[in-house]
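Please treat every number below as a calculation from the coordinates, not as lab data. This structure is a prediction, so every number in the text was calculated from the model and none was measured. Reconstructed Cβ throughout: ideal geometry from the backbone, glycine too, with neighbour counts over all protein chains shown.
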Amino acid sequence: MITRRGVLSGIGASAISTVIPNISSAATLGTFLAMPPLLDSTRTGRFRLEAQSGRTNFLGQAATETWGFNQSYLGPTIRIANKASVQAEVENNLSEEISVHWHGMIIPGDVDGGPHQPIASGSTWSPELPIDQAAATIWYHTHIHGETARQVYKGLAGVLQLSDGLDDERGLPSKYGLDDLTLVLQDRRFDRNGRMDYSLSMPDQMMGFLGDTIVVNGQVGATAVVPKGIARLRLLNGSNSRIYGLTMSDNRPMHLIAADAGLLDRPIELDDLTIAPGERYEVLVDFSNGRDVSLVSRQNTNTAMMRRTRTSGSSFEILPFKVDTALSARIAKLPQDLGGSRPDMDPSSAKDRRVTLDMQMGPGMMMRRSSNRFSINGQPFDMQRMDFTIQRGTLERWSVSADMMMHPLHVHGVKFQVLSENGRAPSLQNSGWKDTVLIDGRVELLMKFDQPASESLPFMFHCHILEHEDSGMMGQFSVV
Ligand code: C2O
Ligand code: CU
Ligand code: CU
């Protein structure tokens, strides 16, 4: 099979030419997009994951050794109830230690699955997850300090649906893979033989790794089939570092219905949607005119120093859609009331905290290989150091700032309200409940710490550009 790995033009000039991505066009292999297998555990209240190695042939050339849960690359979409105690079981059949963090689950630190909870090769971890939060699309991935980027790149990630079973009542698309699509967006690099490649150059380590090919749900060049009606796209940016500026190729609107931590009160019409690593957004798209269309993205510009535009330049294709009129279109109109919420907390009693995401970018930084150039409040991550202790039940206002690059900040154990972005009201897409947000300048966040975390099993907060996280842009705190 022939793959078209075309070079796209329109990329702005950059000081470091080696980090400019050449994105290949998606529609090359001509297959239909498959969803991750659905593992519906809403009835049983238990699920089992087996981390394993396998072989994946992404481009129809040579196969690559990849990792996955219960399969060779990525993991199943696990559906569990949003208010339930769920028994998880994770067996590690790989030859090195991994962990499984439930990104977006608001649960105590002792079952959070961060870097202090490695699962040794050959062993099984069986946490009981006390879930009590709004329905949301969240995800799970490995979180071993210093190894997260490489291990996630190899495939150790998957989507989790916290479901309250009320989507039909809300008038939302809910048929998995039919009108309710789960889309894991990743970019990967391939060598001449079509093998997936992860070798970090110094610029990759500084700017974050960017791939040359878009992979959706582990597939390259697939087309998604949708009914002639409204479909729901559950988007996860599962890339190591790429930020997508998503639009529809014919500029039809996307109707935002959910952010990281759950549904909004009502749909918000958007022309474009920025999604940074770790973030999830759910949108409704109307396919009732029957025309084929593509989800496209503008170029990532978080590679050049001192850049302030999120994405720009010509668009490249993420995923083409084909309307199949034989499929029954269940949802024909946009629901008006989603039954979710947008946060509106009173910040007056909040305790203030400053969080500065630092990169040392002095002269010669491209020549020296060092893992200590990334830090938070001047200190690179240290597994042995507690960065702070929070009194359980406290409301905090975090003033988070980043210079030089944008960094998607993620905080474990909470959901938060974006209070302001560079002194202004948050963008519409950031008006919902979030657990990860792109810091572009200075952003104020409001969050209440209700979940406990001990000093031995604390919560993490970090940049979700995985190369930055692994290089020290992470901190940890206990909640007592
Ligand atoms: Cu998605 Cu601390 O991770
Ligand atoms: Cu997390
Ligand atoms: Cu970063």
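Using alpha-carbon positions, what is the distance between the centroids of the stretch 166-216 and the stretch 77-143, in Å?
21 Å
Show me the ranking of peptides 393-402, 176-185, 320-329, 458-467 by mean Cβ neighbours inside 10 Å, starting with the highest.
Highest to lowest by the protection proxy: 458-467, 176-185, 393-402, 320-329.
Determine the distance separating the Cα centre of the stretch 441-480 from the Cα centre of the stretch 242-276; give it in Å without decimals.
For the stretch 441-480 versus the stretch 242-276, the Cα centre distance is 26 Å.
So for the chain, averaging the separation of alpha carbon pairs under 8 Å that are six or more residues apart and normalising by length, what relative contact order in percent results?
Values: 1369 pairs, mean separation 75.9, N = 480.
About 16 percent, as a whole number.
Taking +1 at the Cβ of each Lys and Arg and -1 at the Cβ of each Asp and Glu, which of ALA224, VAL443, ALA276 sits farthest along the dipole of the chain towards its positive end, judged by Cα position relative to the Cα centre?
Value: ALA224.
For the cross-link pairs LYS154/LYS415; LYS175/LYS228; LYS83/LYS415; LYS154/LYS175, which exceed 19 Å when the distance is taken from alpha carbon to alpha carbon?
Values: LYS154/LYS415 28 Å; LYS175/LYS228 14 Å; LYS83/LYS415 16 Å; LYS154/LYS175 29 Å.
The pairs that break the limit, which is 19 Å between Cα atoms, are LYS154/LYS415; LYS154/LYS175.
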